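Below is one structure, written out as structure tokens; the observations come after it.
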Amino acid sequence: MDRPRRKTGRPLSFDRDTALTQAMLTFWRHGYESTSIADLTAAMGISPPSLYATFGDKKRLFREAVTLYLSSEPPECLIAAAPSAREAARRLLQVSAEGVSGENTPAGCLLATSAISCSAAAADVQAELAAIRHGIEACLRDRIVADITAGTLPAATDAGALAGHMMAMTQGLSTLARDGAPREKLLRVADNAMRAWPD
């Protein structure tokens with residue numbers, strides 16, 4: 001008598017959202033290229049065939065992880081909801097300081113640290129993250145330009161440089177967090193960065 005074949009694939013208790021969250025945290029902690037399929041399946045509690053069947057491949061899983069990372073408080077939405085460009089920048093810095101120093105998440109920013117240096121095979125991933133950061137910067141720059149046009153910022157304000165400064169500060173906060181800086185220090189650095197804002 002033939003034994004019944006054992007079914008393979010994802011376990012009955014598989015929860016896609018939970019698995020994706022674990023993948024996001026793993027990429028966040030180790031970076032895109034340093035994270036192996038074995039790292040991911042161990043963190044997600046699934047087999048390699050289940051990973052490929054559910055998420056495609058490692059790159060597609062990473063892209064989903066980045067989307068999840070940005071979904072809690074999308075920067076573009078934050079900028080659009082702020083009453084002024086100044087408040088948008090202040091809020092971006094505050095959210096960044098809090099996000100890179102969470103108690104239950106890895107230190108640093110997934111967008112800033114997960115693909116700083118990559119091989120040619122991952123150049124497209126690196127370019128995609130850069131495009132996301134550029135998009136956030138462009139959104140803030142446009143908001144600054146709108147305030148210049150409205151007369152709430154000086155006409156001589158360099159919108160591109162000001163937006164770039166704020167983005168540089170958010171990425172700097174990520175580095176400080178990776179180096180062990182506590183949230184209290186990061187928030188003070190964020191407050192200090194706002195001194196560059198024109199009156």
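The values are calculated or read from the model by the stated rules, or taken from the named source; none is laboratory data. In this text the structure is predicted, and so the values were computed from the model without any measurement. Protein only, heavy atoms only, side chains kept; ligands, DNA and RNA dropped before computing areas. Shrake-Rupley method; radii C 1.70, N 1.55, O 1.52, S 1.80 Å.
3J(HN,Hα) couplings calculated from phi for segment 150-160 with the Karplus curve 6.51 cos²θ - 1.76 cosθ + 1.60 (θ = phi - 60°) are, in sequence order, 7, x, 8, 10, x, 4, 7, 4, 8, 4, x Hz; Gly and Pro show x. For the chain, the direction-averaged projected area of the alpha-carbon convex hull comes to 13.5 nm². Taking all protein chains together and rolling a 1.4 Å probe, residue 158 ends up with roughly 90 Å² accessible. Heavy-atom accessible surface of the chain, averaged per residue, reaches 55 Å², computed with a 1.4 Å probe. Nonpolar atom fraction for segment 143-199, defined as the carbon and sulfur part of the 1.4 Å probe accessible area, stands at 55 percent. At q = 0.23 Å⁻¹, what is the log10 ratio I(q)/I(0) for segment 133-199, with the Debye formula run over Cα points and no solvent? So the normalised log intensities work out to -0.97. Across segment 72-89, rounded Karplus estimates of 3J(HN,Hα) from the backbone phi angles (6.51 cos²θ - 1.76 cosθ + 1.60, θ = phi - 60°) give 5, 8, x, x, 5, 5, 4, 5, 5, 7, 5, x, 7, 5, 4, 5, 4, 5 Hz, Gly and Pro being marked x.
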